[in-house]
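The values are calculated or read from the model by the stated rules, or taken from the named source; none is laboratory data. Keep in mind that what you see is a predicted model, and the values were worked out from it rather than measured. In this analysis, Cβ positions are derived from the backbone assuming ideal geometry, glycine residues included, and neighbour counts consider all displayed protein chains.
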Amino acid sequence: MSNAIVQIDQLSYSFHNQKALDDISMQIPAGSIYGFLGPNGAGKTTTLRLLLGLLKDQKGLISIFGSNLMTNRTGLLKRIGSLIEQPSLYQHLTGAENLEVFRLTYQVTRKRVDEVLKIVGLTDARHKKVRAYSLGMKQRLAIALSLLHDPELLILDEPTNGLDPGGIIEMRELIITLNRQYGKTILVSSHLLHEIEKTATQVGIIHKGRMLFEGTLTDLQQIKASRSVIEMEINDVTAAMELLANQFSVKTVEGKIIVDFVSSQHTAKLNALLVQHGIEVYQICVTRHNLEDLFVHITSE
Ligand SMILES: Nc1ncnc2c1ncn2[C@@H]1O[C@H](COP(=O)(O)OP(=O)(O)OP(=O)(O)O)[C@@H](O)[C@H]1O
């Protein structure tokens with residue numbers, strides 16, 4: 001993809017001989033919200049830490065804004081904002097004072113502090129001590145910090161984790177606003193499919209250190225909609241259709257009976273019914289797409 005802001009090629013990483021990432025490739029298009037989805041322990045945080053140069057000795061290539069991360073880390077980090085692991089906030093200071101500390105580090109104007117407070121919706125709470133903030137407010141303040149230097153790319157590791165439903169909605173809206181209104185390309189990780197479906201334009205799914213899917217949200221929704229089916233080879237298709245048509249969603253393709261897969265027990269019942277009615281069943285085959293089992297994990301909360 002020519003307009004990729006982040007390009008990862010064949011990236012592998014091990015913690016003490018334990019493989020955490022196995023040959024992953026990713027492309028994040030400019031202007032997208034890239035939802036990086038996977039169950040706990042899949043390798044999301046490891047990938048994000050590698051993107052920020054926080055881990056070393058990986059195999060493979062990471063290129064950001066067309067430049068190799070290995071050779072140009074400092075220059076690239078100036079164009080990236082991140083919220084990864086616990087945000088480091090001073091609890092005894094107010095929101096505005098926290099921003100002031102970082103403003104001096106980043107050498108940006110006071111006006112920029114007001115701007116980022118407005119973007120994250122904390123203008124009214126700016127003089128409150130951070131210890132009195134809700135978790136959602138702390139997360140939004142951490143994002144304000146990461147926005148001070150006006151980065152083009154934002155990397156957010158599970159920003160909705162631990163938030164109450166109201167906090168989750170606010171975070172979701174903030175991510176969308178940062179993308180649509182402020183033009184940020186955003187890489188956001190989550191272990192929840194429905195969360196990613198509400199914000200992302202592009203999706204990557206990682207499982208056990210391997211990328212299983214990368215594409216648009218529409219591509220993903222098409223895969224989700226494709227059902228697993230049972231294919232049956234039998235001796236008498238006409239008799240089987242008559243028997244099954246009232247009870248099952250059934251069709252014939254190339255002389256085989258095709259029924260929507262429900263469960264193994266359901267498949268056994270179907271087989272028994274055909275046999276009881278004197279129909280010979282030569283072969284039963286269940287075709288499942290490889291993401292289906294994974295969807296169960298990432299939709300279970
Ligand atoms: N510092 C570490 N030392 C050893 N193993 C690690 C370390 N950090 C992560 N791992 C292992 O690497 C694998 C990937 O972990 P990672 O934290 O990247 O997953 P994740 O998708 O971010 O999941 P989670 O949401 O649970 O953080 C896991 O098996 C994890 O146990």
Review point. When the stretch 54-63 is examined, which residues are found to be surrounded by 17 or more Cβ atoms within 10 Å (Cβ to Cβ) and over 14 Å from residue 19 (Cβ atoms)?
Key: 62, 63
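Every residue in the stretch 208-246 that is among the charged types (D, E, K, R), at pLDDT below 90 and out of contact with any helix residue (DSSP H, G or I) (no Cβ under 7 Å at 6 or more places or on another chain), please.
If the condition is that a residue be among the charged types (D, E, K, R), at pLDDT below 90 and out of contact with any helix residue (DSSP H, G or I) (no Cβ under 7 Å at 6 or more places or on another chain), then 219, 227 are the ones that fit.
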**Study point:** Flag if residue 24 is touching a Pro at 6+ places or on another chain (Cβ under 8 Å), under 23 Å from residue 219 (Cα atoms) and in a strand (DSSP E or B)
**Key:** no
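Limited to the stretch 37-55, what total is found for residues that are more than 9 Å from the ligand (Cβ to nearest atom) and under 15 Å from residue 196 (Cα atoms)?
1
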Review point. Restricting attention to the stretch 95-115, does a residue exist that is more than 20 Å from residue 151 (Cα to Cα) and either at pLDDT below 95 or hydrophobic (A, V, I, L, M, F, W, C) (or both)?
Key: no
Check your understanding: Are there any pairs with C-beta distances below 9 angstrom linking a residue in the stretch 173-200 that is at pLDDT 95 or above and of a type in the set (Asp, Glu) to a residue that is surrounded by fewer than 23 Cβ atoms within 10 Å (Cβ to Cβ) and not in a strand (DSSP E or B), with the two at least 6 apart or on different chains, and if so which?
Key -> 173/121
Check your understanding: Can you tell which of 10, 58 is more than 16 Å from the ligand (Cβ to nearest atom) and in contact (Cβ under 8 Å) with a residue 40 or more places away in the chain?
Key -> 10
Review point. Scanning for something buried (at least 20 other Cβ atoms within 10 Å of the Cβ), within 11 Å of the chain's Cα centre (by Cα) and either assigned to a strand (DSSP E or B) or among the β-branched types (Val, Ile, Thr) (or both), does the stretch 133-148 turn up at least one residue?
Key: no
Review point. From the list 88, 25, 63, which one is polar (S, T, N, Q) and either touching a Gly at 6+ places or on another chain (Cβ under 9 Å) or within 14 Å of the ligand (Cβ to nearest atom) (or both)?
Key: 25
Check your understanding: Within the bounds of the stretch 156-172, is there any residue that is of a type in the set (Asp, Glu) and in contact with a strand residue (DSSP E or B) (Cβ under 8 Å, 6 or more places away or on another chain)?
Key -> yes
Revision key, fill the gap. The number of residues in the stretch 201-216 that are in contact (Cβ under 8 Å) with a residue 40 or more places away in the chain, farther than 22 Å from residue 79 by Cα and surrounded by fewer than 19 Cβ atoms within 10 Å (Cβ to Cβ) is 4
Check your understanding: Has the stretch 26-35 got at least one residue that is surrounded by fewer than 22 Cβ atoms within 10 Å (Cβ to Cβ) and free of Cβ contacts under 8 Å to residues at least 40 places away in the same chain?
Key -> no
